[in-house]
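The values are calculated or read from the model by the stated rules, or taken from the named source; none is laboratory data. Keep in mind that this is a model prediction, so the values were computed, not measured. No Cβ is skipped: glycine too gets one built from the backbone with ideal geometry, and neighbour counts run over all protein chains shown.
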């Protein structure tokens, strides 16, 4: 099990960014890349207020 301090440190290595999906312009994506492993994490928001929800999610994740 990962210690709390290790979990906090791992979280700091990720920067979340919200942007409009190029293939589906009504969708918004939040992406983050782990700088150590190169893993990419994607969350897609669709429907009403997709942009606002994506931006709110990215802001929340960046301040955890």
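Note down all Cβ pairs under 7 Å where the first residue falls in the range 1-25 and is within 17 Å of residue 43 (Cβ to Cβ), the second is in a loop (DSSP other than H, G, I, E, B) and at pLDDT 90 or above, and they're at least six residues apart or on different chains.
21/27
If we keep just the residues of the range 1-24 that are assigned to a loop (DSSP other than H, G, I, E, B) and in contact with a helix residue (DSSP H, G or I) (Cβ under 8 Å, 6 or more places away or on another chain), which is modelled with the highest pLDDT? Lay out the reasoning, then the answer.
Start the filter on the range 1-24 by keeping residues that are assigned to a loop (DSSP other than H, G, I, E, B), which leaves 1-3, 13-16, 21-24.
Subset that is in contact with a helix residue (DSSP H, G or I) (Cβ under 8 Å, 6 or more places away or on another chain): 2, 14-16.
On the way: 2: 55, 14: 89, 15: 91, 16: 95.
Residue satisfying both the conditions and the ranking: 16.
Out of the range 25-40, which residues are surrounded by 10 or more Cβ atoms within 10 Å (Cβ to Cβ) and modelled with pLDDT under 95?
Of all residues in the range 25-40, those surrounded by 10 or more Cβ atoms within 10 Å (Cβ to Cβ) come to 26-35, 39.
Answer for the range 25-40, where residues must be surrounded by 10 or more Cβ atoms within 10 Å (Cβ to Cβ) and modelled with pLDDT under 95: 33, 34, 35, 39.
Kindly indicate which of 54, 46, 58 is surrounded by fewer than 14 Cβ atoms within 10 Å (Cβ to Cβ) and touching a strand residue (DSSP E or B) at 6+ places or on another chain (Cβ under 9 Å).
Numbers: 54 fails: surrounded by fewer than 14 Cβ atoms within 10 Å (Cβ to Cβ); 58 fails: surrounded by fewer than 14 Cβ atoms within 10 Å (Cβ to Cβ).
Going through 54, 46, 58 in turn, the sole match is 46.
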